[in-house]
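Q: Submitted below is the structure of interest, expressed as structure tokens.
The values are calculated or read from the model by the stated rules, or taken from the named source; none is laboratory data. Keep in mind it's a predicted model, so treat the numbers as computed, not measured. Here the Cβ positions follow ideal geometry from the backbone for every residue, glycine too, while neighbour counts run over all protein chains shown. Ligands, DNA and RNA are excluded from the accessible area calculation, which covers all protein heavy atoms including side chains. Shrake-Rupley method; radii C 1.70, N 1.55, O 1.52, S 1.80 Å.
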Amino acid sequence: MTDRGSYDFGKLPCKEEEFRRLEEQALFFWSREKMLLSDSGLTESMRVLDIGCGQGIVADRIARELVPRGQVVGIEPDSSLRSMAEALAAQNQRLTVMPGDIYNLEQPDESFDFVYARLVFQHLKAPVEALREIHRVLKPGGIALIPDVDNGWLTLYPEPPGFSDMLRLAEKAQTSYGGDRFVGRKLAGYMGEAGFVNVATPVEVLTSARIGLDLFLKIITCFKILLLMRHNDKVEEDFFERICRFAREHNSHGWVGIFCARGVKNGGQ
Ligand SMILES: C[S@@+](CC[C@H](N)C(=O)[O-])C[C@H]1O[C@@H](n2cnc3c(N)ncnc32)[C@H](O)[C@@H]1O
């Protein structure tokens, strides 16, 4: 049984909403993410593992646009998310999708050049254990890239009433399921503990000016509301609409940092 920590898609209320949010999040960031992947050392003939690949949108793009002479394997434990990834894989011979668990990968030792796990680590109970497993499947000289959030780098101003309280409550709910909303700042240390070298964590800042206020608010709020509902915390029914109305009326701006931790497995050329 795979431990999904604080992200168990099957247990979330309003799955369709979350499905669309993940989709938009993947599509809107792709142009920037593509550069991030290339700058991190991803090259065209690499074998890539995307762990917790969700609907497979990013894995599919990596296979089509960044590794035209390589191969991408997407691992996704949730069957509903995985079925969309499998549909993409059926149309893309460089993409394979399978079930799997980040703590106990079926892949052999030293079988990948590049491992990606996007927005997965904030949900894990045992991040160092997961990184040791990633380290195991990487070839010597292979690269791990782990982009994730840190609520210390989340600002919305002017801030709608009740917004900070909601954030604090959602942080607690996420912790209660084993997740960590402040994982971004910790990733570099975890990578060191797991044996990675040349570790660095540049921060990508997403802004409401860049992606539009509505999408920004959706990305920073909707999963937290679903988590609070799953946790049986009280959330007003119109909370999201109220936040959006306030932010539009007060011309709010927002910034959120994505910590992009990168480490290398010792050895290789
Ligand atoms: C927030 S979603 C991110 C999905 C995708 N990477 C993206 O960026 O759209 C977190 C993902 O982690 C997966 N996940 C949770 N626990 C996992 C585990 N133990 N092993 C592998 N994946 C896991 C979930 O099923 C989900 O697909």
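Q: Quick check: the distance between the Cα centres of the stretch 82-125 and the stretch 23-74, to the nearest angstrom?
A: 11
Q: For the stretch 45-98, compute Rg over Rh where Rg is the Cα radius of gyration and Rh is the Kirkwood radius from the inverse mean 1/r over Cα pairs. If you can, show how the numbers build up before the last one.
A: Values: Rg = 9.7 Å, Rh = 10.4 Å.
Here Rg/Rh amounts to 0.93.
Q: Ok, one more. For the chain, calculate the relative contact order in percent as a whole number, restricting contacts to Cα pairs under 8 Å that are 6 or more residues apart. Don't jump to the answer; show the numbers that get you there.
A: Details: 497 pairs, mean separation 58.3, N = 269.
Result for the chain is 22 percent.
Q: In whole Hz and in residue order, list the ³J(HN,Hα) couplings for the stretch 141-156 that follow from phi through the Karplus curve 6.51 cos²θ - 1.76 cosθ + 1.60, θ = phi - 60°; x for Gly and Pro.
A: Ordered by residue, 3J(HN,Hα) equals x, x, 10, 10, 10, 10, x, 7, 8, 7, 5, x, 10, 10, 9, 10 Hz.
Q: List the lysines whose Cα sits under 29 Å from the Cα of residue 234, skipping any in the same chain fewer than 8 residues away.
A: Once the sequence-local lysines are set aside, what remains near residue 234 is 11, 15, 125, 172, 218, 224.
Q: Based on the Kirkwood radius over alpha-carbon pairs, what value in µm²/s does the Stokes-Einstein equation return for the translational diffusion coefficient of the stretch 14-264 at 4 °C and 1.567 mPa s?
A: Reported coefficient: 69 µm²/s.
Q: Also, quick follow-up: Kindly provide the trypsin sites (Lys or Arg not before Pro) of the stretch 10-95 that DSSP labels as loop, not H, G, I, E or B, and whose Cβ sees at most 11 other Cβ atoms within 10 Å.
A: For trypsin sites (Lys or Arg not before Pro) across the stretch 10-95 that sit outside H, G, I, E and B with at most 11 neighbouring Cβ atoms in 10 Å, the list reads 69.
Q: So what's the angle, to the nearest 10 degrees on a 0 to 90 scale, between helix 15-39 and the longest Cα principal axis of the chain?
A: Roughly 50 degrees between the two axes.
Q: While we're here: For every helix of n ≥ 4 consecutive DSSP H residues, a contribution of -39,500 (n - 2.57) applies; sum these over the chain, divide by its total residues, and give [θ] at 222 nm rounded to the nearest 500 deg cm²/dmol.
A: Working: 9 runs with 107 residues, N = 269.
Computed mean residue ellipticity for the chain: -12500 deg cm²/dmol.
Q: What residue among 170, 247, 85 has the largest mean-square fluctuation in a Gaussian network model of the chain, using Cα springs under 10 Å?
A: 247
Q: A follow-up question, please. Can you list which of the chymotrypsin sites (Phe, Trp or Tyr not before Pro) found in the stretch 231-269 are DSSP loop residues with at most 12 other C-beta atoms within 10 Å?
A: Answer in residue order: no site qualifies.
Q: Let me ask something else. If you filter the stretch 90-125 for chymotrypsin sites (Phe, Trp or Tyr not before Pro), then keep DSSP loop positions with at most 16 other Cβ within 10 Å, what is left?
A: 103
Q: Could you calculate the FRET efficiency of residue 34 with residue 266 from 1/(1 + (r/R0)^6), where r is the beta carbon distance between them and R0 is 35 Å, rounded to 0.05? Please list the in-between numbers first.
A: Numbers: r = 28 Å, r/R0 = 0.79.
Efficiency at R0 = 35 Å is approximately 0.80.
Q: Can you list the lysines whose alpha carbon sits under 20 Å from that of residue 139, skipping same-chain ones fewer than 8 residues off?
A: Residue 139 reaches 265.
Q: What ranking of 43, 221, 207 comes out by heavy-atom accessible area, probe 1.4 Å, highest first?
A: 43, 207, 221
Q: While we're here: Quick one: with all protein chains in place, what share of the accessible area of the stretch 14-264 is carbon or sulfur, to the nearest percent (1.4 Å probe)?
A: 51
Q: Same structure again: Please give the per residue accessible area of the stretch 14-264, computed with a probe of 1.4 Å over protein heavy atoms only, in Å².
A: Per residue, the stretch 14-264 has an accessible area of 43 Å².
Q: Shifting gears a bit: Peptides 171-182, 132-143, 151-162: what's the order by average Cβ count within 10 Å, highest mean first?
A: On the way: 171-182: 17.8, 132-143: 19.7, 151-162: 15.5.
Ranking, from highest mean packing down: 132-143, 171-182, 151-162.
Q: In addition: Rounded if a/c is under 1.5, else prolate if a/b is larger than b/c, else oblate: which is the stretch 6-157, with a ≥ b ≥ c the root eigenvalues of its Cα gyration tensor?
A: Rounded.
Q: How many percent of DSSP beta bridges within the stretch 14-264 run antiparallel, rounded to 5?
A: Working: 18 of 34 bridges.
So the antiparallel bridges in the stretch 14-264 amount to around 55 percent.
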